[in-house]
Amino acid sequence: MRKNIVAGNWKMNKNLQEGIALAKELNEALKGKTVKCDVVIGTPYIHLAGVADSIDTSRVGVAAQNCADKELGAYTGEVSAAMIASTGAKYVILGHSERRAYYHETAETLKEKVTLALANGLTPIFCIGEVLEERESEKHFEVVKSQIAASLFDLASEDFGKIVLAYEPVWAIGTGKTATAAQAQEMHAFIRSTLAEKYGQVVADNTSILYGGSANASNAKELFSNPDVDGGLIGGASLAVDKFMPIIEAF
């Protein structure tokens with residue numbers, strides 16, 4: 001049975017002390033509560049070990065926001081999947097549209113990152129999504145299918161079963177625009193059917209597909225009520241517990 005997941009992506013926000021304080025506050029807010037989803041926070045690299053040591057990681061999972069496409073060696077400034085795993089983090093966000101756009105990450109690069117993440121016991125939260133021009137020219141299904149196939153379809157079904165997908169329409173990230181609940185459901189259902197064609201219905205039915213793109217407390221319940229929307233990858237609203245908790249509680 002697939003999991004409901006609400007994951008926060010802090011992006012390049014919060015210094016180390018602020019990040020640890022925020023993680024502790026969220027951990028306390030969840031204490032004693034029965035929530036119907038897994039909760040994950042994606043922190044900057046330098047926060048990972050401190051955050052993982054400061055909270056109950058069975059209550060709040062910790063994610064890196066990226067990893068290197070190399071195992072180890074002379075790659076100044078890079079952080080490997082093995083390093084991330086050694087901090088106590090269990091997840092890594094890969095293929096975010098900002099990484100694709102600003103740092104020119106290719107399908108081949110992402111394929112390497114996914115392979116290394118899985119080899120080190122990390123769960124990739126793999127991001128896919130179209131830009132506004134692609135949506136308006138009705139190429140959004142084609143684009144999303146291509147992004148999945150190019151980076152993930154070389155995986156055996158057993159490994160693909162360890163992936164979480166996050167559909168993020170790029171035109172709705174940080175813009176205040178949000179895909180309607182119907183648009184989100186339409187794309188998530190299409191993604192699931194694409195997975196079923198490749199890996200069979202059982203794998204497709206067991207894959208968690210999150211929605212990202214200006215999801216917040218006011219629209220989370222409607223988005224999450226869709227049968228193929230299994231949670232959210234939340235940006236700005238994850239930076240404050242009083243904004244993040246209502247999204248978690250939307251389940």
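The values are calculated or read from the model by the stated rules, or taken from the named source; none is laboratory data. This one's a predicted model, so the numbers in the text were calculated from it and none came from an experiment. Positions of Cβ are generated from backbone atoms using ideal geometry, with glycine treated the same way; all protein chains shown enter the neighbour counts.
Which ones in segment 1-28 are more than 25 Å from residue 96 (Cα to Cα), surrounded by fewer than 18 Cβ atoms within 10 Å (Cβ to Cβ) and modelled with pLDDT of 95 or more?
Within segment 1-28, 17, 21, 24, 25, 28 meet the criteria.
If the requirement is being under 21 Å from residue 13 (Cα atoms), surrounded by 15 or more Cβ atoms within 10 Å (Cβ to Cβ) and under 14 Å from the mean Cα position of the chain (by Cα), which of these qualifies: 231, 212?
From the options 231, 212, the qualifying one is 212.
Scan segment 165-176 and give yes if some residue there is at pLDDT 95 or above and more than 18 Å from the chain's Cα centre (by Cα), otherwise no.
No, that holds for no residue.
Output the residues belonging to segment 87-105 that are farther than 23 Å from residue 121 by Cα and out of contact with any strand residue (DSSP E or B) (no Cβ under 7 Å at 6 or more places or on another chain).
The answer is 98, 100, 101, 102, 103, 104.
Looking at segment 60-80, I want the residues that are without any contact (Cβ under 8 Å) to a residue 40 or more places away in the chain and more than 21 Å from residue 98 (Cβ to Cβ) and have a partner that is among the aromatic types (Phe, Trp, Tyr) and surrounded by fewer than 21 Cβ atoms within 10 Å (Cβ to Cβ) with Cβ atoms under 6 Å, at least 6 apart or on another chain. Which pairs are those?
none
Just the residues that are assigned to a loop (DSSP other than H, G, I, E, B) and either within 18 Å of the chain's Cα centre (by Cα) or of a type in the set (A, V, I, L, M) (or both), please, taken from segment 177-199.
If the condition is that a residue be assigned to a loop (DSSP other than H, G, I, E, B) and either within 18 Å of the chain's Cα centre (by Cα) or of a type in the set (A, V, I, L, M) (or both), then 178, 179 are the ones that fit.
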